[in-house]
Amino acid sequence: MKKQFLEAGQIVNTHGIRGEVRIQPWCDSADFLLDIDKFYLDGKAVKFTGKRVHKTMLIAKPEGVDNANDAALLKGKVLYFDRDDAQLEAGLVFIDDLIGLEAVNVETGEVFGKVTNVLKLPASDVYVIKGEGEYMIPAVDEFLKKTDLNENKIYFKLIEGMI
């Protein structure tokens with residue numbers, strides 16, 4: 001079952017003296033978070049104003065937080081967003097939706113494990129699959145053939161020695 005609220009990132013520090021915070025995004029890019037109007041912090045909706053990207057971080061000011069001391073109290077907190085508030089490009093899925101999918105050999109139909117993690121590496125993402133062993137499969141067209149969220153399955157073409 002898909003989670004309605006997904007992790008956006010973590011407040012890692014304050015920024016300046018006017019109540020802004022630095023948010024480490026847990027997504028492909030901090031730019032993705034610019035289009036989200038409402039975040040959730042400790043189960044409560046919070047609006048952030050003046051959002052901007054600085055290097056790899058999102059800098060934003062939570063409404064009602066007007067100084068660095070109040071902003072410092074938020075350090076370490078995880079922000080969430082409602083999946084209905086996010087727009088994904090065609091063909092993209094949230095990593096949270098991949099975790100738990102059954103990994104299937106597209107040629108034999110054999111289930112060889114479940115996706116337990118997705119590593120974000122420079123060359124490509126890598127799916128961590130746990131079954132009888134732990135397997136790491138690059139998310140490239142040569143191996144990744146189909147993702148079916150309705151069936152809760154992800155299909156891979158495997159080569160000898162891969163698993």
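The values are calculated or read from the model by the stated rules, or taken from the named source; none is laboratory data. Worth saying up front: this structure is predicted, and the values here are computed from it rather than measured. FYI the Cβ positions are ideal-geometry reconstructions off the backbone, even for glycines, and counts take in every protein chain you see. Just the protein is used for accessible areas: all its heavy atoms, side chains included, with ligands, DNA and RNA removed. Shrake-Rupley method; radii C 1.70, N 1.55, O 1.52, S 1.80 Å.
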Between residue 49 and residue 2, Cβ-based FRET efficiency (R0 22 Å, step 0.05) works out to 0.15
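Calculate, for residue 111 and residue 84, the FRET efficiency according to 1/(1 + (r/R0)^6) with r their C-beta to C-beta distance and R0 35 Å; round to the nearest 0.05.
Working: r = 31 Å, r/R0 = 0.88.
It comes out at approximately 0.70.
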Carbon and sulfur atoms account, in whole percent of the 1.4 Å probe accessible area of region 11-97, for 48 percent
For region 64-136 the mean separation of alpha carbon contacts under 8 Å (6+ apart) over residue count, i.e. relative contact order in percent, is 17 percent
Note, region 128-134: 3J(HN,Hα) by Karplus (6.51, -1.76, 1.60, θ = phi - 60°), whole Hz, Gly/Pro = x, goes 9, 10, 10, x, 5, x, 10
Computed on Cα atoms, the radius of gyration and Dmax of the chain in angstrom are 18.8, 60
Rounded to whole angstrom, the alpha-carbon centroid of region 77-151 lies from that of region 41-58 at a distance of 27 Å
Projected onto the charge dipole of the chain (unit charges on the beta-carbon of Lys, Arg, Asp and Glu, signs +1, +1, -1, -1), the Cα from 56, 123, 149 with the largest positive-side position is that of 56
Given 143-150, 74-81, the highest-first ranking by average Cβ count within 10 Å works out to 74-81, 143-150
Residue by residue through region 104-116, the couplings from Karplus 6.51 cos²θ - 1.76 cosθ + 1.60 with θ = phi - 60°, in Hz, x for Gly and Pro, are 10, 6, 5, 7, 10, x, 6, 7, 10, x, 10, 6, 10
Checked against the positive end of the charge dipole of the chain (+1 on Cβ of Lys and Arg, -1 on Cβ of Asp and Glu, about the Cα centre), the farthest of 67, 88, 106 is 67
Number of Lys pairs in region 51-158 closer than 24 Å at Cα, excluding neighbours under 8 places apart unless interchain, is 26
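With +1 assigned to the C-beta of every Lys and Arg and -1 to the C-beta of every Asp and Glu, and no other charges, what is the dipole magnitude of region 31-148 about the Cα centre in debye, to the nearest 20? Working shown, then result.
Values: 15 positive and 22 negative charges, 135 e Å.
Taking the Cα centre of region 31-148 as origin, the dipole is about 640 debye.
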Per residue, accessible area of the chain with a 1.4 Å probe, heavy atoms of protein chains only, in Å², comes to 61 Å²
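Could you check what % of the DSSP bridge pairs in the chain are antiparallel, to the nearest 5?
On the way: 43 of 47 bridges.
Percent antiparallel among DSSP bridges in the chain is about 90.
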Rounded to one decimal in nm, the spacing of the 7 Å Cα→Cβ label points at residue 63 and residue 31 is 2.8 nm
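Helix-only mean residue ellipticity at 222 nm, the chain, DSSP H runs n ≥ 4 weighted -39,500 (n - 2.57), per residue, nearest 500. What is it? Each step should come with its number before you reach the end.
Values: 3 runs with 14 residues, N = 163.
My calculation for the chain gives -1500 deg cm²/dmol from helical runs alone.
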Any residue on another chain or 5+ positions along whose placed amide H is under 5 Å from the amide H of residue 22 is listed here as 12, 13, 14, 15
